[in-house]
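Undergrad: Before anything else, here's the structure in question.
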Amino acid sequence: MSAALKAKDQLIRAVECDQIGRILEAQTLYQDGIALLMSFVETEPDETKRKAFLLRIKEYIDRADAIKARVNGKLMLGEVVDHVSIEENDTGFDYDQIFGKYMDDKTVEILLEEPYLTQNYQYQNLVRFLELAITNCKNLKYFRLITKEHTDPKNPDQQKTNLGQIRADLERRDIVVSVKYEDTLHDRRIYLSNGYIIKIGRGLHFYKAANPMYSIGLVNYRYRKCLQTDVDIWRNNRTAS
């Protein structure tokens, strides 16, 4: 498929997602489609055609900017609806108990900002979170992960391999996945398209290792000892498209 056709396909899907309220996915599709179209226009020898393409690109950029403003509006914190304080060595706090009730059928898109995905246990925590998401969010269609890029000197492709496996599994379940790397990322946040925003001081990684390894809590995190952290659940009422 040519760059022009790929761009057209991406941008048509962007408009469709925009129209049905899947704005995170629309934002990604607009960005990718515009980039493809720009690369195509650079090689177009016909000046008249180039000008026509640039006018269309300007229209898509305006739409993408409008989407970005809407996304930023939805990520603004509203009112706190719940607060959970977890003390050092506490147990009884798995993801489902803390915020599972806020993940429901109205959640069609999820944005996860988690800076640290480098160790095996961190990928396991991510998978546990996604298991909860596909269990509770029956209509989930799009998942965007923002994290820091990590290169292990011994296995430089490990992060991309692990995230690639997770992406492939979700896409087999008809969930579109976008992974973005931001080296300056610090905050941890989970945005649900039903209007809830979950902020955890330590992100997903507030569990201590099972000790000894083969003990209660190895699989069921409800029995795991925790590190001290705080969880705030916010409700942003700007859920309308």
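The values are calculated or read from the model by the stated rules, or taken from the named source; none is laboratory data. Model, not experiment: these values are computed from the prediction. Cβ coordinates were reconstructed from backbone atoms using ideal geometry, including for glycine residues, and neighbour counts include every protein chain displayed. Please note that ligands, DNA and RNA were not included when accessible areas were found on the heavy atoms of the full protein model with its side chains. Shrake-Rupley method; radii C 1.70, N 1.55, O 1.52, S 1.80 Å.
Undergrad: Taking region 193-217 on its own, how many of its residues are of a type outside the set (Gly, Ala, Ser) and either surrounded by 18 or more Cβ atoms within 10 Å (Cβ to Cβ) or closer than 28 Å to Leu140 by Cα (or both)?
TA: 11
Undergrad: Then there's this: If you take the residues of region 130-168 that are assigned to a strand (DSSP E or B) and among the polar types (S, T, N, Q), which of them is surrounded by the fewest Cβ atoms within 10 Å (Cβ to Cβ)?
TA: Checked region 130-168; the qualifying residue surrounded by the fewest Cβ atoms within 10 Å (Cβ to Cβ) is Asn155.
Undergrad: Shifting gears a bit: Does Asp9 satisfy the criteria of being surrounded by 14 or more Cβ atoms within 10 Å (Cβ to Cβ), acidic (Asp, Glu) and either within 22 Å of Val179 (Cα to Cα) or modelled with pLDDT under 90 (or both)? Break it down into steps so the answer makes sense when it comes.
TA: Values: surrounded by 14 or more Cβ atoms within 10 Å (Cβ to Cβ): yes; acidic (Asp, Glu): yes; either within 22 Å of Val179 (Cα to Cα) or modelled with pLDDT under 90 (or both): yes.
Against the criterion (surrounded by 14 or more Cβ atoms within 10 Å (Cβ to Cβ), acidic (Asp, Glu) and either within 22 Å of Val179 (Cα to Cα) or modelled with pLDDT under 90 (or both)), Asp9 qualifies.
Undergrad: Can we say Arg224 is under 28 Å from Gly78 (Cβ atoms) and either touching a strand residue (DSSP E or B) at 6+ places or on another chain (Cβ under 7 Å) or buried (at least 16 other Cβ atoms within 10 Å of the Cβ) (or both)?
TA: Working: under 28 Å from Gly78 (Cβ atoms): no; either touching a strand residue (DSSP E or B) at 6+ places or on another chain (Cβ under 7 Å) or buried (at least 16 other Cβ atoms within 10 Å of the Cβ) (or both): yes.
The answer is no for Arg224.
Undergrad: Let me ask you something else. Taking into account only those residues within region 82-95 that are more than 18 Å from Ile197 (Cβ to Cβ) and charged (D, E, K, R), which is surrounded by the most Cβ atoms within 10 Å (Cβ to Cβ)?
TA: Applying the filter and picking the extreme gives Asp94.
Undergrad: Continuing with the same structure: Among the residues of region 13-37, count how many are farther than 17 Å from Tyr142 by Cα and surrounded by fewer than 16 Cβ atoms within 10 Å (Cβ to Cβ).
TA: 1
Undergrad: Then there's this: Does region 2-17 contain any residue that is free of Cβ contacts under 8 Å to residues at least 24 places away in the same chain, not in a helix (DSSP H, G or I) and not assigned by TED's automatic domain parsing to the domain that holds Asp174?
TA: no
Undergrad: On to the next question. Can you name the residue in region 115-129 that is part of a helix (DSSP H, G or I) and over 14 Å from the mean Cα position of the chain (by Cα) and, of all such residues, is surrounded by the fewest Cβ atoms within 10 Å (Cβ to Cβ)? Don't jump to the end; show me each part of the working.
TA: Filtering region 115-129 for residues part of a helix (DSSP H, G or I) gives 120-129.
After this cut, where a residue has to be over 14 Å from the mean Cα position of the chain (by Cα) as well, the list is 120-125, 128.
Working: Asn120: 9, Tyr121: 14, Gln122: 18, Tyr123: 17, Gln124: 14, Asn125: 21, Arg128: 17.
Checked region 115-129; the qualifying residue surrounded by the fewest Cβ atoms within 10 Å (Cβ to Cβ) is Asn120.
Undergrad: What are the pairs, 6+ residues apart or on separate chains, where a residue within region 140-156 that is over 18 Å from Arg167 (Cβ atoms) and not assigned by TED's automatic domain parsing to the domain that holds Val177 has its Cβ under 8 Å from a residue that is outside any loop (DSSP other than H, G, I, E, B) and hydroxyl-bearing (Ser, Thr, Tyr)?
TA: none
Undergrad: Condition test on Ala64, is it crowded, with 19+ Cβ neighbours inside 10 Å and touching an Asp or Glu at 6+ places or on another chain (Cβ under 9 Å)? Lay out the reasoning, then the answer.
TA: Numbers: crowded, with 19+ Cβ neighbours inside 10 Å: yes; touching an Asp or Glu at 6+ places or on another chain (Cβ under 9 Å): no.
Taking the combined requirement at face value, the residue does not satisfy it.
Undergrad: To continue, here is another question. Name the residues in region 38-61 that are open to solvent by 60 Å² or more (accessible area, probe 1.4 Å), hydroxyl-bearing (Ser, Thr, Tyr) and in a helix (DSSP H, G or I), would you?
TA: Once the filter is applied, which keeps residues that are open to solvent by 60 Å² or more (accessible area, probe 1.4 Å), hydroxyl-bearing (Ser, Thr, Tyr) and in a helix (DSSP H, G or I), region 38-61 yields only Thr48.
Undergrad: Determine which single condition Lys106 fails, assuming it passes every other condition in (1) in the same structural domain as Asn139 (by TED's automatic domain parsing); (2) open to solvent by less than 90 Å² (accessible area, probe 1.4 Å); (3) out of contact with any strand residue (DSSP E or B) (no Cβ under 7 Å at 6 or more places or on another chain).
TA: (2)
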